[in-house]
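In what follows, a single structure is set out as structure tokens and then discussed.
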Protein chains: 2
Amino acid sequence: MSSEFDLIARFFIRPTPGITLGIGDDCALLTPGPGMQTTISCDMLVSGVHFFADTDPKQLGHKALAVNLSDLAAMGATPLAFTLALSLPSSDETWLKPFSDGLFTLAEKHHCRLIGGDTTQGPLNICITVFGEVPPGEALRRDHAREGDDIWVSGTLGGARAALEFLRGTISLDTAVVGPALSHLQMPVPRVELGMAVRPHAHAAIDLSDGLIGDLSHILNRSTMGATLNIDTLPANVALHDLPHHFQLRCMLAGGDDYELCFTAPVSSRNAIIEAAHQTKIAVSMIGTIEKEPGLRLVNAKGEPQTFSEKSFDHFSAT
Amino acid sequence: MSSEFDLIARFFIRPTPGITLGIGDDCALLTPGPGMQTTISCDMLVSGVHFFADTDPKQLGHKALAVNLSDLAAMGATPLAFTLALSLPSSDETWLKPFSDGLFTLAEKHHCRLIGGDTTQGPLNICITVFGEVPPGEALRRDHAREGDDIWVSGTLGGARAALEFLRGTISLDTAVVGPALSHLQMPVPRVELGMAVRPHAHAAIDLSDGLIGDLSHILNRSTMGATLNIDTLPANVALHDLPHHFQLRCMLAGGDDYELCFTAPVSSRNAIIEAAHQTKIAVSMIGTIEKEPGLRLVNAKGEPQTFSEKSFDHFSAT
């Protein structure tokens, strides 16, 4: 077996221009841009909880970083760097090679550099902490939604959950949509460029990891606001199109793992939001309105109230 | 069982003055001091690998942060904040309460604030990423040791390993020293104040987690230097005093887990180093010299060469 230091050197040290000091010292050194604020997010992925033990390591390397970059996107931040802590049952090179490839392909796309971390023997666990920067006061915080704001989501919803249910064998999918749905689940695309592009025009944002209802509720609670969503404007992933209406809704409202952005912006920003979507080639949909009245209300296109009771995924809930 | 969000709110959200935005958004926001560099370090502790599964959770909360603060100390950095990712078999409050108490008691001592993290269900795993700051160019890097530097260590060596061997039943210890030795292993004191105090006077530093020989070798390799250590000047922990000489040496040179600082400083800094030790009430010992000739040589007080072959602890080595 290789030593811990060999592992780090072989798979995780890559050239890191612009970082004052990267892997190989007690700490990494980051020199923030003059006057910029540092955004920091941390996610831990556990085998058997967040992914199947036999998940393709290249996809896993991608996803582990993608979910963290998605948090930066939800602040409108520019990615800078990340640390990786990795617990592995054994130093298996046939796993490490594709894992590091998946990780670095995405990292390099966003000029996000690995600056430190830890490797240890133990049950498979991947913990990434990611760093970005935003100009002071410009971060898209959850507590900044205002009455009358439009509610927007990027991309499509429900694809990741449809793929998960397909893998579990609870639904069947048309062969034509299996690929895109699995890609949605296994290789989510963090909406980094969109987050940065809407930052000057939006008020609040969150990324959709637990499901639209649960995640939007965080914005509402922290902003002391309510909202109405028009369920007929939700952008259903193509994998859902032939499935029962109720199942579609469940996947879109509470499916989780979509890693799209949900953000609020004043009506006066509509043109700017659409232009940002056009520039970044990421579709956006206007799905509702922030209101003063607390709570989350669902209506259809005719304005008729709709009910939906399912809670979003919670790692410690008894559901 | 409590939900993930309840867990975070109940045990991990404490007042955090000075942090622009802490737990509860997609990212935390840190506003670095004007012109300061951010130091970042990350450690992952796995149950059954880094600690026994039945370790007192209060001690574990302390140690999980202490090992990270020790990395900041080794850069001479001032602690600012940390993130905590926690994988738990169950949301057991009788474990979480003392764990968070141990963690926050140490954090508050160093004005180091929890600004974000993640909790999930899974095998017990604690991943902390810690943030500090240093003036530009002043960090105590591993690659800055120079020919003729004195080599210093803080505190005493070997106590943690003696305690571990005592717990394993391989040695017996006098009742009078069991307590201090166990405390050395279970509640290591990160040398944060000493690191900051010697920063203007020292060249290179590392904290002793794997063992003196292994850790000092990182400084030598990265500085392209060699060294001679005088083994008769090593500060033996009191727990070692009645044990065989070879066992003492093994604990001091390769024992690991001491979390003392090893640093190099020019001869002209001797008075300043001793003053820094006095100010911070942390003992220091001068144990050797940095030399141009590669390799690490051991001598006794008479200058006679000594041999020692044991490698330091490596999580993936086949030893």
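The values are calculated or read from the model by the stated rules, or taken from the named source; none is laboratory data. Please read all numbers here as calculations on a predicted model, not as lab measurements. Please note: Cβ atoms are built from the backbone with ideal geometry, for glycine as well, and neighbour counts cover all protein chains shown. Side chains included, ligands, DNA and RNA excluded: accessible areas come from the protein's heavy atoms. Shrake-Rupley method; radii C 1.70, N 1.55, O 1.52, S 1.80 Å.
So what's the convex hull volume per residue for the Cα atoms of chain A, in Å³? Before the final figure, lay out the partial values.
Details: hull volume 45.7 nm³, N = 319.
Each residue corresponds to 143 Å³ of Cα convex hull volume.
Taking a point 7 Å out from Cα toward Cβ as the label site, list the nm distances between B:Glu93 and the same residue in every other copy, smallest first.
Shortest to longest, the spacings are 5.1 nm.
Can you pull out the buried accessible area for chains B and A, both sides counted, probe 1.4 Å, rounded to the nearest 100 Å²? Please list the in-between numbers first.
Working: alone 15160 and 15150 Å², together 24960 Å².
Adding both sides of the contact gives about 5400 Å².
Segment B:61-151: Rg/Rh from Cα coordinates, Kirkwood Rh?
Working: Rg = 16.1 Å, Rh = 14.7 Å.
Rg divided by Rh gives 1.10.
Among A:Ala301, B:Leu80, A:Ser209, flag the residue with its Cα farthest along the positive direction of the charge dipole of the protein assembly as shown, charges on Cβ as +1 for Lys/Arg and -1 for Asp/Glu.
Value computed over the given set: B:Leu80.
Using the crude model of +1 on Lys and Arg Cβ and -1 on Asp and Glu Cβ, and no other charge, please compute the dipole size for segment B:142-305 relative to its Cα centre, in debye to 20. Mind dumping the intermediate values first?
On the way: 13 positive and 19 negative charges, 27 e Å.
Here the size comes out at about 120 debye.
From the residues B:His278, B:His62, B:Phe52, which one has its Cα farthest along the dipole of chain B in the positive direction, the dipole being from +1 and -1 charges on Cβ of Lys/Arg and Asp/Glu about the Cα centre?
B:His278
What percent antiparallel are the DSSP beta bridges of chain A, to the nearest 5?
Numbers: 39 of 55 bridges.
In chain A, approximately 70 percent of DSSP beta bridges are antiparallel ones.
With 19 Å as the cut-off, how large is the P(r) tail for segment A:116-183, expressed as percent of Cα-Cα pairs? Walk me through the intermediate numbers first.
On the way: 1530 of 2278 pairs.
Pairs farther apart than 19 Å: 67 percent.
Could you look at segment B:142-305 and say what percent of its accessible area is carbon and sulfur, using a 1.4 Å probe and all protein chains? Before the final figure, lay out each step's value.
Numbers: 3560 of 6770 Å².
The computed percentage sits at 53.
In Å and from the alpha-carbon atoms only, list the Rg and Dmax of segment B:201-298.
13.6, 38
GNM, chain B, Cα, under 10 Å: largest mean-square fluctuation among B:Phe82, B:Phe131, B:Phe308?
Largest GNM mean-square fluctuation: B:Phe308.
Under unit Cβ charges (Lys, Arg +1; Asp, Glu -1), what dipole magnitude, rounded to 20 debye, does the protein assembly as shown have relative to its Cα centre?
Working: 44 positive and 72 negative charges, 123 e Å.
In total the dipole reaches around 600 debye.
Measure out, as a whole number of angstrom, how far apart the alpha-carbon centroids of segment A:149-178 and segment B:236-281 sit.
59
So if I place +1 on the C-beta of Lys and Arg and -1 on the C-beta of Asp and Glu, and nothing else carries charge, what would the dipole magnitude of chain A be about its Cα centre? I want it in debye, nearest 20. Kindly include the intermediate steps, with their values, before the conclusion.
Working: 22 positive and 36 negative charges, 86 e Å.
My answer is approximately 420 debye.
If one puts a single equal scatterer on every Cα of segment A:142-305 and applies the Debye formula without solvent, what log₁₀ I(q)/I(0) results at q = 0.09, 0.11, 0.12, 0.13 Å⁻¹?
Those come out to -0.28, -0.42, -0.50, -0.58, one per q.
Obtain the radius of gyration and the Kirkwood radius of the protein assembly as shown from its C-alpha atoms and give Rg over Rh.
Numbers: Rg = 26.2 Å, Rh = 25.8 Å.
Taking Rg over the Kirkwood Rh, I get 1.01.
Report the one residue of B:Ala176, A:Val198, B:Ala239 whose Cα lies farthest in the direction of the positive end of the charge dipole of the protein assembly as shown (charges on C-beta: Lys and Arg +1, Asp and Glu -1; origin at the Cα centre).
Checking the options against the dipole of the protein assembly as shown, the answer is A:Val198.
If exposed trypsin sites (Lys or Arg not before Pro) are those in a DSSP loop with at most 10 other Cβ within 10 Å, what is the longest stretch of chain B that has none?
Working: sites that count: B:Lys281, B:Lys292, B:Lys302.
The longest such stretch corresponds to B:1-280.
Using only the Cα atoms of segment A:257-306, what are the Rg and Dmax in Å?
13.3, 35
Go ahead and estimate [θ] at 222 nm for chain B from helices alone: -39,500 (n - 2.57) per DSSP H run with n ≥ 4, summed, over the residue count, rounded to 500. Write out the running numbers ahead of the final one.
Numbers: 9 runs with 100 residues, N = 319.
Calculated at 222 nm, the ellipticity per residue is -9500 deg cm²/dmol.
Hey, what's the Kirkwood Rh for segment A:169-240 if you take every pair of different alpha carbons, in angstrom? Before the final figure, lay out each step's value.
Working: mean 1/r = 0.0670 Å⁻¹.
Hydrodynamic radius (Kirkwood, Cα pairs) of segment A:169-240 is 14.9 Å.
Treating the point 7 Å from Cα along Cα-beta-carbon as the label, what are the nm separations from A:Gly303 to the other copies, to one decimal?
In ascending order, 9.9 nm.
So the label point sits 7 Å from Cα along the Cα-to-Cβ vector; using that for A:Lys109, what distances do you get to the other copies, in nanometres, sorted shortest first?
The answer, with the shortest distance listed first, is 4.5 nm.
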